[in-house]
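In what follows, a single structure is set out as structure tokens and then discussed.
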Amino acid sequence: MEGIKDFSKEFDGELITETMLVRGLNDEPELAEKVAEFIAELNARPIYQFQLGLQPRNGLPANEETLEIWREIFSEKIEVECIVVPEGDFTCTGNLEEDLLSILYVLPMCPPHAGKFFEKVSGKGQLKLGFH
């Protein structure tokens, strides 16, 4: 943790933090206070709290009530912007390659969500498969 603080003092770029909450493991409000205090000490920009419906590898994601409690606690100490993306509800602009790459640049996409994305795209007539 001290290494992160030292890095944040020397780093001139935009520092972004991410915390995945796992129900019953690290989602207690007391921990939110400590995490918010730690992030407040960093040279970080506004914190983006993503509510993505992502499934942690070993456990369940925090519920909406817990996420709201964390948002409130964080907001007392740091600037927070919330972004809510329902599970697997990725948008399509019509450019399949650009859409997929922009999603995968910032988020993992598990096979069921990828299937849902491709179904959405193909339903709009945007997906054309060809074999060479």
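Brief remarks on what is shown
- The residue that is farthest from residue 61 (Cα to Cα), counting only those in the stretch 6-34 that are assigned to a helix (DSSP H, G or I) and either without any contact (Cβ under 8 Å) to a residue 24 or more places away in the chain or not assigned by TED's automatic domain parsing to the domain that holds residue 80 (or both), is 10.
- Look at (1) within 16 Å of the chain's Cα centre (by Cα); (2) modelled with pLDDT under 75; (3) not assigned by TED's automatic domain parsing to the domain that holds residue 7 and you find that residue 61 fails only one, number (3).
- Pairing each residue of the stretch 66-78 that is under 7 Å from residue 36 (Cβ atoms) and among the β-branched types (Val, Ile, Thr) with any residue that is modelled with pLDDT of 85 or more and assigned to a helix (DSSP H, G or I), provided the two are 6+ apart or on different chains, yields C-beta distances under 8 Å for 73/29; 73/32; 73/33; 73/36; 78/36; 78/39; 78/40.
- Yes/no for residue 66 being polar (S, T, N, Q), assigned to a helix (DSSP H, G or I) and modelled with pLDDT of 70 or more: yes
The values are calculated or read from the model by the stated rules, or taken from the named source; none is laboratory data. Bear in mind that the values here come from a model prediction, so they are computed numbers and not experimental data. Cβ coordinates were reconstructed from backbone atoms using ideal geometry, including for glycine residues, and neighbour counts include every protein chain displayed.
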